[in-house]
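Inspection log for the structure reproduced underneath, given as structure tokens.
The values are calculated or read from the model by the stated rules, or taken from the named source; none is laboratory data. These numbers were taken from a predicted model, which means no experiment stands behind them. Reconstructed Cβ throughout: ideal geometry from the backbone, glycine too, with neighbour counts over all protein chains shown. Protein only, heavy atoms only, side chains kept; ligands, DNA and RNA dropped before computing areas. Shrake-Rupley method; radii C 1.70, N 1.55, O 1.52, S 1.80 Å.
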Amino acid sequence: MLKIEGIIRSSKLYAVQEALAKLGIPTFSSYEVKLSGIHRGHSGWRNRTSDFIPKSKIEILCNDGEHEKIVDAILESAKTGDKGDGIVFVYQVDKLVKIKTGETGESALK
């Protein structure tokens, strides 16, 4: 199992949601996050160190064989071509347990 996390422009969240729904992934987690630090070249935020830039973070759990198409869908739907489009991480998940049923592993994803 894998966990995919993406930090994307908040304005692209619904485009990503539509792209994932077309893949048969209607459910994922999303959060409002703010990035800090030096944001050179980010439109409207040049060389600032104290301002926070609003972004959205998405999280998806999937089977090992599904991650490439999910990552591709995120990249295509979140891309504007400008700095600050975001980043995607893919992590290995060692264990997953569904609280209600006690199911583990990939069967707990369903």
Condition met for Phe52 (on the phi < 0 side of the Ramachandran plot, touching a residue at least 24 places away in the same chain (Cβ under 8 Å) and touching a Lys or Arg at 6+ places or on another chain (Cβ under 9 Å)): no
Every pair of residues 6+ apart whose Cβ atoms lie under 9 Å, when the first sits in segment 68-92 and is closer than 14 Å to Ala15 by Cβ while the second is open to solvent by 30 Å² or more (accessible area, probe 1.4 Å) and of a type in the set (S, T, N, Q): Ser77/Gln17; Thr80/Ser11
Unmet criterion (only one of (1) at pLDDT below 95; (2) open to solvent by 60 Å² or more (accessible area, probe 1.4 Å); (3) more than 30 Å from Glu103 (Cα to Cα)) for Lys79: (1)
